[in-house]
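One structure below.
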Amino acid sequence: MPRILISGASGLIGSALVPSLESHGYEVTLLVRRQPTKSNEIPWDPMRSIPPDLVSSYDAVIHLSGESITGRWTAARKARIRDSRVISTRNLSEALAKATTPPKTFLCASATGYYGSRGDEVLTEDSTLGTGFLPEVCQEWESATEPAASAGIRTVNLRTGLVLSKNGGPLKEMLLPFRLGLGGKIGSGRQWWSWIHIEDFVAAVLHILQNESVKGPVNMISPNPVTNAEFTKTLAKALSRPAIFAVPAFAARLALGELADEALLASARVEPKALLDSGFGFRFPQLGSALENLL
């Protein structure tokens, strides 16, 4: 039975991933930031150096934890967003590199925020780094996995887009206004949103674990990104509601500040080239069928 160590197991992705891993025959151990309550939990402080023995003798390690980017970004909040990703990843990566029996595979979360806002440009894993706070964080985040990669551990950076789930995340936040008929496009609506159904995300992780040829950055998104206008129109259709209450760009900026420009109003037309090239098949490649399944 392959052994997997995972952080961030209580988050949106982790809470869906852990049961799937266990159902596929993996023995899963959780890194938790509280007092353990179960036999498969290990306490850790992601901001401190990690004893190599703590992460030794696992077949794979999956690192998903990090401060949420939602909400208004103050200087202190931006520091927490960065540190929770970069410092925790560096500490874990260095421990893995020094482990007596290191894992064969290290999967670490990243984000399509790496590319920044690029208009209609088609973006793949080979595309250059964007500009802004989120691209800078993503670059440092991915660079923090270098100790593990240099030690010969197959390292994969999961560049995650908009993960669609009925249990949380951005879709759940959007449901109430759209069900009330108050939904609509944000700004011009021409910005590209790259998304993925939670089931496809989990299946892609399993695919990566089982395919040793996959390494480096991997775009964890559907092969069919849509504009914000198309996203909101499709969501409204799935709920049998209109989508006529547009949110002007200035209102988004007034409510969310810098986050609005780097997330809601940013345009990232990302394609999952690495996943497709490795033979991964999406169950929900189209937004309409994904939303119908979830809703």
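Sort out for me the helices (runs of 4 or more DSSP H) sitting completely within the range 95-197 that have 3 or more residues that are open to solvent by 20 Å² or more (accessible area, probe 1.4 Å) and closer than 18 Å to T234 by Cβ.
169-179
Can we say R82 is modelled with pLDDT of 95 or more, open to solvent by 50 Å² or more (accessible area, probe 1.4 Å) and within 17 Å of the chain's Cα centre (by Cα)?
Yes, satisfied.
Only residues in the range 110-125 that are over 24 Å from T145 (Cα atoms) and at pLDDT 95 or above count as the first member; pair them with residues that are open to solvent by less than 20 Å² (accessible area, probe 1.4 Å) and assigned to a helix (DSSP H, G or I), Cβ under 9 angstrom, at least 6 apart or cross-chain, and list the lot.
E121/Y115
Modelled with pLDDT of 95 or more, of a type in the set (A, V, I, L, M, F, W, C) and within 29 Å of T128 (Cβ to Cβ): does that describe A268?
yes
Can you tell me which residue in the range 215-226 is nearest to S188 (Cα to Cα), limited to those that are touching a strand residue (DSSP E or B) at 6+ places or on another chain (Cβ under 7 Å) and open to solvent by 30 Å² or more (accessible area, probe 1.4 Å)? I'd like the intermediate steps shown before the answer.
First, the residues of the range 215-226 that are touching a strand residue (DSSP E or B) at 6+ places or on another chain (Cβ under 7 Å): 215-222, 225-226.
With open to solvent by 30 Å² or more (accessible area, probe 1.4 Å) added as a condition, the list becomes 215, 217.
Working: K215: 36, P217: 30 Å.
Restricting to residues being touching a strand residue (DSSP E or B) at 6+ places or on another chain (Cβ under 7 Å) and open to solvent by 30 Å² or more (accessible area, probe 1.4 Å), the top hit is P217.
Tally up the residues in the range 1-25 that are part of a loop (DSSP other than H, G, I, E, B) and either charged (D, E, K, R) or open to solvent by less than 70 Å² (accessible area, probe 1.4 Å) (or both), please.
5
For the range 262-273, indicate whether the set of residues that are closer than 27 Å to K78 by Cα, open to solvent by 20 Å² or more (accessible area, probe 1.4 Å) and acidic (D, E) is non-empty.
Yes: the range 262-273 contains one or more residues that are closer than 27 Å to K78 by Cα, open to solvent by 20 Å² or more (accessible area, probe 1.4 Å) and acidic (D, E).
Exactly one of (1) among the β-branched types (V, I, T); (2) touching a strand residue (DSSP E or B) at 6+ places or on another chain (Cβ under 8 Å); (3) open to solvent by less than 20 Å² (accessible area, probe 1.4 Å); (4) part of a helix (DSSP H, G or I) is unmet by V28. Its number?
Answer for V28: the failing condition is (4).
Among the residues of the range 204-214, how many are open to solvent by less than 40 Å² (accessible area, probe 1.4 Å) and under 20 Å from E271 (Cβ atoms)? First the steps, then the outcome.
Of the range 204-214, the ones open to solvent by less than 40 Å² (accessible area, probe 1.4 Å) are 204-209, 214.
Imposing the further condition that a residue be under 20 Å from E271 (Cβ atoms) reduces the set to 204-205, 207-208, 214.
Within the range 204-214, residues that are open to solvent by less than 40 Å² (accessible area, probe 1.4 Å) and under 20 Å from E271 (Cβ atoms) number 5.
For F201, only one of the following conditions fails: (1) open to solvent by 30 Å² or more (accessible area, probe 1.4 Å); (2) within 17 Å of P19 (Cα to Cα). What is its number?
Looking at each condition in turn, F201 falls short on (1).
Taking interchain pairs and intrachain pairs at least six residues apart, which have beta carbon atoms under 9 angstrom, with the first residue in the range 58-75 and farther than 15 Å from T160 by Cβ and the second open to solvent by 40 Å² or more (accessible area, probe 1.4 Å) and of a type in the set (G, A, S)?
Matching pairs, first to second residue: R72/A255.
Would you please list the contacts, defined by Cβ atoms under 7 Å and residues six or more apart or on different chains, that run from a residue in the range 13-25 that is closer than 23 Å to L162 by Cβ to a residue that is in a helix (DSSP H, G or I)?
Every condition considered, the pairs that remain are I13/F201; A16/I198; A16/V202; L17/V202; L17/V205; S20/V202; S20/L206.
Across the range 233-271, what is the number of residues that are among the β-branched types (V, I, T) and assigned to a helix (DSSP H, G or I)?
Final tally of qualifying residues: 1.
So which of A229, A204, A290 is among the small types (G, A, S), touching a helix residue (DSSP H, G or I) at 6+ places or on another chain (Cβ under 7 Å) and in contact (Cβ under 8 Å) with a residue 40 or more places away in the chain?
One residue alone meets the criteria, A204.
Go through the range 249-287 and give me each residue that's aliphatic (A, V, I, L, M), under 16 Å from V205 (Cα atoms) and in contact (Cβ under 8 Å) with a residue 60 or more places away in the chain.
A274, L275
The values are calculated or read from the model by the stated rules, or taken from the named source; none is laboratory data. Fair warning: this is a prediction, and the values are worked out from it, not measured in the lab. Note that we place each Cβ from the backbone using ideal geometry, even for glycine, and neighbour counts take in every protein chain shown. Protein only, heavy atoms only, side chains kept; ligands, DNA and RNA dropped before computing areas. Shrake-Rupley method; radii C 1.70, N 1.55, O 1.52, S 1.80 Å.
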